Each structure stands twice: as C-alpha cells, then as structure tokens.
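Each remark here refers to the structure printed beneath this line.
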Amino acid sequence: MPETLWIWGVRVAGALHFITLAMALRTPIPPDWEKNLAALPESHRRFAVAQNFFIGATMAFCGAVSLIFAPELVSGTMMARVVCAGIALWWGGRLAILPWLRVWPDLPGNGWRCGFLLLVFECAAYAIAYGWLAFGR
C-alpha cells in the first residue's frame, strides 16, 4: 500500500479515536451503577473512576498522536514502531477484554448492540493496522 494512503489511514484512525471517545461518554451505564459503586470501599470507587478517566486519556493520546504525527508513525523508524506497537497492544488488549465484560445482556437494544460490535471491530482493526506498522513493514 502506498505510504500516502497509510498516512491518511492513520489520520482517519486518529479522528475516529476522538469520535469513539465522544461516543463513550454517551454509552449506557450498567444498571444500578451508582448503588453498586456506593457499596464499594472508597478506594475501589476512586479506582473505578480513575480507570475510566485513563481509558479516555489513552484514547485521546492515541488519537492526537495519530492525527499530528501520522507521517512519522508510517515512516518505520524505531520510535514510530514502538509507538505503533503500544497503540496496537492497547487496542488488542481491549479486544481481548471486551468479551470478558459480558455487557451484551445489559445493552438496551439493537442500536447499542450494533455499537458494541462496531467497537469490537474497531479494536481489531486498530490492533491489526498499528501492529502492521510496528512489525509488518
């Protein structure tokens, strides 16, 4: 694939990171979230909130790097490969964890289920594409 196409693909992926982040802010919260969270010790509640924040921060970082440094990520330098490997690892990890979460029964309709499947596809696509930039070129 021509390098210019890879650069545009990485830029599109960068924009999609931010769209995914925006959509994540509108996803349904599991039933009784506040009640269940309140039953946890304070440190566990803070951990849950911090983890959600850092998931969002990681998505924003990956999106910003992909938008701003797309030519560098495609260049094949060692640093580019390391950054792409990190992005691929993060999305591959999400892909592995999503089935374990067992959210399917809590999704309130077909639209949410399609969105979840789209997220699974997105995780796989990013893991493969950034993995290719890290290891396959």
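A few remarks follow.
Per-residue answers, yes or no, for (1) under 28 Å from Gly109 (Cα atoms); (2) open to solvent by 60 Å² or more (accessible area, probe 1.4 Å); (3) acidic (Asp, Glu):
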{"position": "Glu3", "(1), (2), (3)": "no, yes, yes"}
{"position": "Met23", "(1), (2), (3)": "yes, yes, no"}
{"position": "Thr27", "(1), (2), (3)": "yes, yes, no"}
{"position": "Pro31", "(1), (2), (3)": "yes, yes, no"}
{"position": "Lys35", "(1), (2), (3)": "yes, yes, no"}
{"position": "His44", "(1), (2), (3)": "no, yes, no"}
{"position": "Val49", "(1), (2), (3)": "yes, yes, no"}
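- Of all the numbered requirements in (1) open to solvent by 90 Å² or more (accessible area, probe 1.4 Å); (2) more than 18 Å from Val83 (Cα to Cα); (3) over 13 Å from the mean Cα position of the chain (by Cα), Phe121 misses one, and that requirement is (3).
- Yes/no for Thr20 being polar (S, T, N, Q) and under 18 Å from Gly92 (Cβ atoms): yes
- Counting only residues that are of a type in the set (Ser, Thr, Tyr), over 30 Å from Ser75 (Cα atoms) and in a helix (DSSP H, G or I), region 1-43 holds 1 of them.
- Matching residues, region 57-76, being without any contact (Cβ under 8 Å) to a residue 40 or more places away in the chain, surrounded by 14 or more Cβ atoms within 10 Å (Cβ to Cβ), in a helix (DSSP H, G or I) and of a type outside the set (Asp, Glu): Thr58, Phe61
- Residue selected from region 77-104 under the condition at pLDDT below 95 and not in a helix (DSSP H, G or I), by the criterion most open to solvent (accessible area, probe 1.4 Å): Arg102
- Within region 111-135, residues that are modelled with pLDDT of 95 or more sit with their Cβ atoms under 9 Å from residues that are of a type in the set (Gly, Ala, Ser) and not in a helix (DSSP H, G or I), at 6+ positions apart or across chains, in these pairs: Leu133/Gly76.
The values are calculated or read from the model by the stated rules, or taken from the named source; none is laboratory data. As the structure is a computational prediction, the values presented were derived from the model and not from experiment. Here Cβ is always computed from backbone atoms with ideal geometry, including for glycine, and neighbour counts include all displayed protein chains. Quick note on the areas: whole protein, heavy atoms, side chains included, nothing else; ligands and nucleic acids left out. Shrake-Rupley method; radii C 1.70, N 1.55, O 1.52, S 1.80 Å.
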